[in-house]
Amino acid sequence: MKDIKYKAFVVEECDGKFVQTMQTLSTDNLPSGDVLVRVHYSSINYKDALSATGNKGVTKSYPHTPGIDVAGVVEYSADNKFQQGDEVIVTGYDLGMNTAGGFGQYIRVPSEWVVKLPKGLTMKEAMIIGTAGFTAGISLLRLSQFVKPSDGKVVVTGATGGVGSVAISLLSKLGYQVVAVSGKESESEFLHKLGATEIISRVEFQTVDKRPMLSARYAGAIDTVGGSILENVLKALKPLGAVTTCGSVSSTQLNMTVFPFILRGISLIGISAQNYPTALREPLWKKMATDWKTNNLLELYTEISLTELRDTLENILAGKLKGRTIVNMLDC
Ligand SMILES: NC(=O)c1ccc[n+]([C@@H]2O[C@H](COP(=O)([O-])OP(=O)(O)OC[C@H]3O[C@@H](n4cnc5c(N)ncnc54)[C@H](OP(=O)(O)O)[C@@H]3O)[C@@H](O)[C@H]2O)c1
């Protein structure tokens, strides 16, 4: 195949420091794989900021191009499942971790990582959802096996974040009563617009109560932050309630007894979008494009270009982003 030059946001390790620059790279140097994709949009996820700042738990070696999300067009495919010109989505697996990711204008990946863009979604909408929104979708799929809208209130933590904002929007669409826990007092209107009926300040919710259980107030929760906030949600679940857990922006630790589990029969459900099986991805993307497509998808995103990436990645690490941020990769 003919070599193509393209722009990419590259992170290099220099004397223990991580330096981010825009570079011109060539497709000849992309990793092996059966599908070459011209990236139209990428999106910003918390993991991208970790990769871009030298977190070796995410990216082991540099130079590296982060970006765990891609919506783009197939340029070449050795697998006849895909044809040149197909619009596709690639999220998770090793993309943007140790495989050059979506902050470059081309990626080359194994065909098992690639999902055809479902009817009902544009490439831009697919990236507004992105890994964060897809994680909200997996969380809701799992939670709804335990908790129905008639069971009571469902809490969403990290409410203004990527996973949180899409989770509120989805839960509200499906008729759940949503309680948003947020550290951003100024974003009440945004959260109400997404469908939250009640907003609780994060500070109030994160104070640790030493009692093994609290009064049972919530039917379920989608937690994105972990730590004392997750602990408080679990202690305040009604009998047979359930919580999904996907993130640890607050803390990786959970310090509590087993009493709510063995006395109230509650469940804690782990979510991993990265290795969500390929066979389950297509049906969930289809769902997100049809019955789970929310009306306010276009209200929860900001669009940036590659040149604005550095500041945006700093903001996500500082917990300052609101909703979803997509990167227009044609605008470089
Ligand atoms: N397991 C998986 O498959 C999976 C997939 C995607 C994401 N994740 C993880 O899920 C988490 C959320 O991802 P995201 O994309 O939604 O990130 P995000 O957009 O940065 O949102 C996180 C939100 O958490 C809140 N927050 C920030 N700092 C906090 C702190 N110190 N204590 C408590 N809350 C804090 C903020 O919301 P408020 O200001 O509204 O409180 C922030 O907007 C991350 O840890 C990410 O790595 C996991």
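All of the numbers you see were taken from the coordinates with simple rules; none came from a lab. In this text the structure is predicted, and so the values were computed from the model without any measurement. With ideal geometry, Cβ positions are generated from the backbone for all residues, glycine too; neighbour counts draw on all protein chains shown.
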Convert each backbone phi in region 240-257 into a coupling constant with the Karplus relation 6.51 cos²θ - 1.76 cosθ + 1.60 (shift: θ = phi - 60°), then list the ³J(HN,Hα) values in order as whole Hz, x for Gly and Pro. 6, x, 8, 10, 9, 10, 10, x, 9, 5, 7, 6, 8, 8, 9, 10, 7, 8
Taking the Cβ of Gly164 as the centre, find all other residues whose Cβ is under 12 Å away and add up their charges (Lys, Arg: +1; Asp, Glu: -1). +2
Treat the count of other C-beta atoms within 10 Å as a stand-in for reagent exposure and order His192, His64 from fewest to most. His192, His64
Tell me the mean residue ellipticity at 222 nm calculated for the chain from its helices only (DSSP H runs of n ≥ 4, each -39500 (n - 2.57), averaged over every residue, nearest 500). -7500 deg cm²/dmol
Using the structure shown, select from Lys81/Lys193; Lys119/Lys322; Lys47/Lys124; Lys81/Lys320 the pairs with a Cα to Cα distance greater than 32 angstrom. Lys81/Lys193; Lys81/Lys320
From the convex hull of the Cα coordinates of region 249-298, what is the mean projected area in square nanometres? 6.5
Any chance you could list P(r) for the chain, counting all Cα-Cα pairs in 20 angstrom bins from zero, rounded to whole %? 33, 55, 12, 0
Which order do Met1, Met22 fall in if you start with the one that has the fewest other Cβ atoms within 10 Å? Met1, Met22
Quick check: the angle from helix 278-289's long axis to the longest principal axis of the chain, C-alpha only, nearest 10 degrees? 80
Working only with C-alpha atoms, what are the Rg and Dmax values of region 36-147, expressed in angstrom? 14.4, 45
Please report the antiparallel percentage of the DSSP beta bridges confined to the chain, to the nearest 5. 55
Each residue of region 86-95 in turn: what ³J(HN,Hα) in whole Hz from Karplus with 6.51, -1.76, 1.60 and θ = phi - 60°, glycine and Pro shown as x? 5, 8, 9, 10, 10, 9, x, 6, 9, 4
Positive-end residue, the chain charge dipole about Cα centroid, Cβ charges, pick of Trp285, Ser43, Gly241: Gly241
Give the order of Cys332, Cys14 when sorted by the count of other beta carbons within 10 angstrom, beginning with the fewest. Cys14, Cys332
I need the Debye-formula profile for region 135-270: one equal scatterer per C-alpha, no solvent, reported as log10 I(q)/I(0) at q = 0.15, 0.22 1/Å, two decimals. -0.61, -1.40
Residue by residue through region 101-108, what is 3J(HN,Hα) from phi via Karplus (6.51 cos²θ - 1.76 cosθ + 1.60, θ = phi - 60°)? Round to whole Hz and write x for glycine and proline. x, x, 8, x, 6, 9, 10, 10
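With a sphere of radius 9 Å drawn around the Cβ of Val74, what net charge do the other residues whose Cβ falls strictly inside it have (Lys, Arg +1; Asp, Glu -1)?
Details: positive: Arg38; negative: Glu75, Asp86, Glu87.
Once all neighbours under 9 Å are counted, the net charge is -2.
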Student exercise, the chain dipole from Lys, Arg, Asp, Glu Cβ charges, in Debye to nearest 20: 960
Region 135-270, dipole about Cα centre (Lys/Arg Cβ +1, Asp/Glu Cβ -1), debye to the nearest 20: 340
Please give the helix 123-143 orientation as an angle from the longest Cα principal axis of the chain, in degrees from 0 to 90, rounded to the nearest 10. 40
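Determine the sum of side-chain charges near Leu306: Lys and Arg each +1, Asp and Glu each -1, restricted to other residues whose C-beta is under 13 angstrom from that of Leu306.
Details: positive: Lys7, Arg310; negative: Asp48, Glu303, Glu308, Asp311, Asp331.
Taking every Cβ under 13 Å from that of Leu306, the sum is -3.
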